[in-house]
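Visitor: If you scroll down you'll find the structure; I have some questions about it.
The values are calculated or read from the model by the stated rules, or taken from the named source; none is laboratory data. Just so we're clear, the structure is a prediction, and the values are computed from it rather than from any experiment. Don't worry about glycine lacking a Cβ; one is built from the backbone with ideal geometry, like all the others, and counts go over all protein chains shown. For the accessible areas, the whole protein counts, side chains as well, though only heavy atoms, and no ligand, DNA or RNA atoms are used. Shrake-Rupley method; radii C 1.70, N 1.55, O 1.52, S 1.80 Å.
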Amino acid sequence: MREQWVDYAKGIGIILVVIGHVNRGLDSAGISISEPFFKMFDSIIYTFHMPLFFFLSGLFFISSIQKNSKPEFIKKKIATIAYPYVIWSVIQGSIAILLSNFTNKKTDLISVLSFPYHPIGQFWFLYALFMIFIVACLIYNKRNFITQLPIVTTVSFLLYIYSLNIGDLFHLNFITNNIVFFFAGCVFSTLKFDQIATKKNAMTLVISAFMFILVQYKFHFIDGMFYDRIGISTFVVAMVSIYFVYVLSLTLSAIKVDLLSKLGNDSMVIFLVHILCASGTRIILSKLFGINNWYLHMIAGTIAGLVIPIIFFELVKKLNLKFLLSYPVKSKSS
């Protein structure tokens with residue numbers, strides 16, 4: 001059941017990623033309903049969709065590293081995270097240079113080649129995730145990691161709360177802003193929540209949905225805050241929202257919504273390719289056909305950002321071009 005709901009959670013998460021980036025791209029291009037709507041819509045999504053992915057990444061850290069030595073574990077993360085980060089930073093950056101006259105901002109060769117220390121666009125997530133895996137690997141001790149996990153998670157929470165004071169030197173903020181959600185996923189993986197939520201699925205879904213709406217409403221409309229105001233309130237909103245996605249994913253996995261599961265399975269390739277697809281759709285609609293309706297752009301851009309990468313993935317598999325997505329090495333299964 002766990003593997004099934006994770007695919008659904010990834011599916012929900014990647015849809016939000018695409019929607020969020022399409023919305024931001026439209027705003028940068030001057031295509032929007034209003035600035036207040038953009039800020040609110042953007043903030044609701046960003047309060048939890050990336051914390052969700054760090055949480056999901058933490059879910060399988062313990063089981064994965066227990067099956068591998070630390071060098072083997074890092075080697076696999078280089079192949080599946082660092083390698084596609086490099087390849088697609090260059091690909092997306094190069095295309096952005098070629099199409100600079102049509103995109104929202106100019107891209108030059110120097111900014112593309114700076115990817116080793118300055119992530120391009122959405123690839124900051126892979127950069128941050130790889131750093132977090134390195135830190136978690138260094139902390140991990142097979143004998144007592146699970147018993148020390150509450151302490152480790154508490155420390156990561158304090159780093160999160162005081163991340164603005166720590167600063168962003170050497171991209172430390174990538175770690176301090178996100179590692180608490182990774183370790184929360186580790187903690188969650190040691191609990192038996194699946195069985196509890198499954199038994200009371202309908203009521204749990206209603207309660208979690210109500211909690212999600214309540215915390216989002218209070219955070220944005222009563223407190224007047226936005227996702228970039230890191231603090232206890234931001235953390236609570238993120239975790240309550242993640243819990244709602246978890247319960248919703250359990251429900252949808254029981255119903256068997258295969259399309260959502262497919263999106264979750266292919267979430268990595270969607271993440272890598274969706275900006276090119278969504279941006280290309282926006283350029284075609286606005287520059288070629290003169291269409292500047294926000295609703296049409298959102299629908300078309302989101303569909304393109306989700307569907308075209310899946311078609312691309314199938315083509316990659318058919319033509320045996322998997323080296324575009326991960327380094328072709330032979331290793332033990334995780």
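Visitor: Given a cut-off of under 8 Å on Cα pairs at least six residues apart, what relative contact order in percent is computed for the range 61-184?
Guide: Over the range 61-184, the number comes to 23 percent.
Visitor: Measuring with a 1.4 Å probe in the full set of protein chains, what accessible area per residue, in whole Å², belongs to the range 121-277?
Guide: 51 Å²
Visitor: Also: Work out, step by step, the length gained on full extension between SER114 and ILE299: first 0.36 nm times the residue separation, then minus their alpha carbon distance; give nm to one decimal.
Guide: So the chain would gain 63.3 nm between SER114 and ILE299.
Visitor: Just to be sure I understand the model, the point goes 7 Å from the Cα along the line to the Cβ. What's the resulting LEU172 to VAL236 distance in nm?
Guide: 2.8 nm
Visitor: 7 Å from Cα along Cα→Cβ at both LYS67 and SER34: what's the point-to-point distance in nm?
Guide: 5.2 nm
Visitor: Please state the relative contact order of the range 75-125 as a whole percent: Cα pairs under 8 Å, 6+ residues apart?
Guide: Across the range 75-125, relative contact order equals 37 percent.
Visitor: Return the sequence-ordered ³J(HN,Hα) values of the range 74-91 in whole Hz as given by the Karplus equation 6.51 cos²θ - 1.76 cosθ + 1.60 applied to θ = phi - 60°, using x for Gly and Pro.
Guide: 3J(HN,Hα) across the range 74-91, in whole Hz: 5, 4, 5, 5, 5, 5, 9, 10, 5, 4, x, 4, 5, 4, 7, 5, 5, 5.
Visitor: By how many nm would the segment from THR147 to LEU164 lengthen if fully extended, with 0.36 nm per residue of separation less the alpha-carbon distance?
Guide: Answer, rounded to one decimal: 3.2 nm.
Visitor: Kindly state, to the nearest 0.05, the FRET efficiency for GLU3 paired with LYS105, given R0 = 35 Å and r defined as their beta-carbon distance.
Guide: Efficiency, rounded to the nearest 0.05: 0.30.
Visitor: Would you mind checking LYS39/LYS218; LYS67/LYS142; LYS77/LYS322; LYS76/LYS322; LYS10/LYS256; LYS70/LYS262 for any pair whose Cα atoms are more than 19 angstrom apart?
Guide: LYS70/LYS262
Visitor: Could you sort the peptides 282-290, 49-57, 70-78 by per-residue average Cβ neighbour count (10 Å cutoff), highest mean leading?
Guide: 49-57, 70-78, 282-290
Visitor: Something else about it: At 1.4 Å probe size, with the rest of the protein present, what percent of the exposed accessible area of the chain is carbon and sulfur atoms?
Guide: Solvent-exposed carbon and sulfur of the chain make up 68 percent of the total.
Visitor: Work out the FRET efficiency for ILE283 and ARG229 from their Cβ-Cβ distance, taking R0 = 45 Å, and round it to the nearest 0.05.
Guide: After rounding to 0.05, the efficiency reads 0.85.
Visitor: Treating cross-link reach as a plain straight distance, find the aspartates and glutamates whose alpha-carbon is under 19 Å from the alpha-carbon of LYS106, omitting any fewer than eight places away in the same chain.
Guide: Within the straight-line cut-off, LYS106 pairs with ASP27.
Visitor: Next question, about the same structure. Only one of the listed values, (1) 125; (2) 162; (3) 147, was derived from the coordinates as volume of the Cα convex hull per residue in Å³; which label is it?
Guide: Among (1) 125; (2) 162; (3) 147, the one derived from this structure is (3).
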